[in-house]
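The values are calculated or read from the model by the stated rules, or taken from the named source; none is laboratory data. The shown structure was predicted, so the numbers you read here are calculated from the model rather than taken from an experiment. For neighbour counting, all protein chains shown are included, and Cβ atoms are generated from backbone atoms with ideal geometry for every residue, glycine included. Keep in mind that these areas ignore ligands, DNA and RNA; they rest on the heavy atoms of the full protein, side chains included. Shrake-Rupley method; radii C 1.70, N 1.55, O 1.52, S 1.80 Å.
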Amino acid sequence: EQLGGAKSTLIDFYRLGGSNNELSIAVDALGDVELYVGDQLATVSGLDTNLLDGSIHHIALSWESTGGNWALFVDGELAQQGAGLNSGNALSSSAFLSLGQNINSAGQGDSASAFHGSLYDVRLWDEARTETEISYGFQQKLDSGGGLPASLIANWQMDGFNVSNDVVDIVSNNNLTVENALGT
């Protein structure tokens, strides 16, 4: 992966007229991970794995609203955890999803934080995943024909484009449309 600027956004949920960072995961130029939940920031630094080494890495975030407990996993292993991150608040159901780019308050992409690399598999769950679940599932490709976990909301596998060049969601047909791609 290459960084486009000071930080490289992997995933961003944003809501206009409210918190711009419902949930955001970005990697900065030092390889530290910035987690935003409801505009509250947790920075994960000193990782054992160099996320900027040019290799493929798996990043997973588990967060629950009751106590704001969060855990960041890198390559299936717990990297760091904490509590109190946007504790007691829920994410908006009207948030928009952007992969590879941060969205600013006007709803426009911020090219300075664009991710230059490849995303292979993005999964959303309606529950906080456990360390065991993340460790077991990080190299497993899910198959809609084999029965999907009930708590899985969406799974975009970037090798699954349809005839409209949308990224197919194998769970609920919430396909992603490529609207803006920055050149590398």
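Here are the numbers for this structure:
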{"quantity": "Single unsatisfied condition, residue 168 versus (1) hydrophobic (A, V, I, L, M, F, W, C); (2) modelled with pLDDT of 90 or more; (3) part of a strand (DSSP E or B)", "calculated": "(2)"}
{"quantity": "Qualifying residue in segment 110-124 (condition: open to solvent by 80 Å² or more (accessible area, probe 1.4 Å) and modelled with pLDDT of 85 or more)", "calculated": "yes"}
{"quantity": "Residues located in segment 47-81, provided they are closer than 21 Å to residue 138 by Cβ and among the small types (Gly, Ala, Ser)", "calculated": "54, 55, 60, 62, 71, 76, 79"}
{"quantity": "Looking only at segment 129-146, and only at residues there that are part of a helix (DSSP H, G or I) and touching a Ser or Thr at 6+ places or on another chain (Cβ under 9 Å), the one that is most open to solvent (accessible area, probe 1.4 Å)", "calculated": "131"}
